[in-house]
Structures are given as structure tokens and as C-alpha cells.
Amino acid sequence: MPGARDSASSVSSTGPVGYLHVDDIQESLKVLLDPGGETQRQVSDVGRGKLIATVKDADGNVTGLIQEP
């Protein structure tokens, strides 16, 4: 994934979700959505320019993305 650096986890109602820190959240979303993934949470600013989104891949795995300002 372009710009992926490391992962952290967060808890959601479906269990833990791993988050990848990326340089370009839109490009990373495209990489995950092109082979059949679906957006679970649209890109949103959670404060101070930090962007997050979540995607479910074709196998049903949920992955989060974080872009720091």
C-alpha cells in the first residue's frame, strides 16, 4: 500500500480494527477498493487535519487508514 508505515488498533462494535498510517489516504483507498473492497467509513477529519477511513476487503476483513496532517 502506498505510504503505509505501521499499524495500531482501535476497538469497534465488530472487534479490533487495524489502522495503517498512510501518506495519501485517497490513493490508499483506491488500492483497497479497486479489487472489490467496499467503504465502511468515508474519509473524515477527526480533528486537526487527521483523516481516517475504513474499508472492508473482498474477503470481509476490515482495515482502517489514518493520514496525519
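Annotations for the structure displayed:
- Per-region count, region 15-35, residues open to solvent by less than 70 Å² (accessible area, probe 1.4 Å) and closer than 13 Å to residue 62 by Cα: 8
- The set of residues in region 17-58 being within 21 Å of residue 69 (Cα to Cα) and charged (D, E, K, R) consists of 23, 24, 27, 30, 41, 45, 48, 50.
- The set of residues from region 26-57 being polar (S, T, N, Q) and either part of a helix (DSSP H, G or I) or in contact (Cβ under 8 Å) with a residue 12 or more places away in the chain (or both) comprises 26, 28, 39, 40, 54.
- Just so you know, in region 42-59 the residues that are more than 14 Å from residue 20 (Cα to Cα) and hydrophobic (A, V, I, L, M, F, W, C) include one that is surrounded by the most Cβ atoms within 10 Å (Cβ to Cβ), and it is 58.
The values are calculated or read from the model by the stated rules, or taken from the named source; none is laboratory data. Since the model is a prediction, treat every value here as computed from it, not as a measurement. Methodologically, a virtual Cβ is constructed for each residue, glycine included, from the backbone with ideal geometry; neighbour enumeration extends over all protein chains shown. Side chains are part of the model used for accessible areas, which takes the heavy atoms of the whole protein and leaves out ligands, DNA and RNA. Shrake-Rupley method; radii C 1.70, N 1.55, O 1.52, S 1.80 Å.
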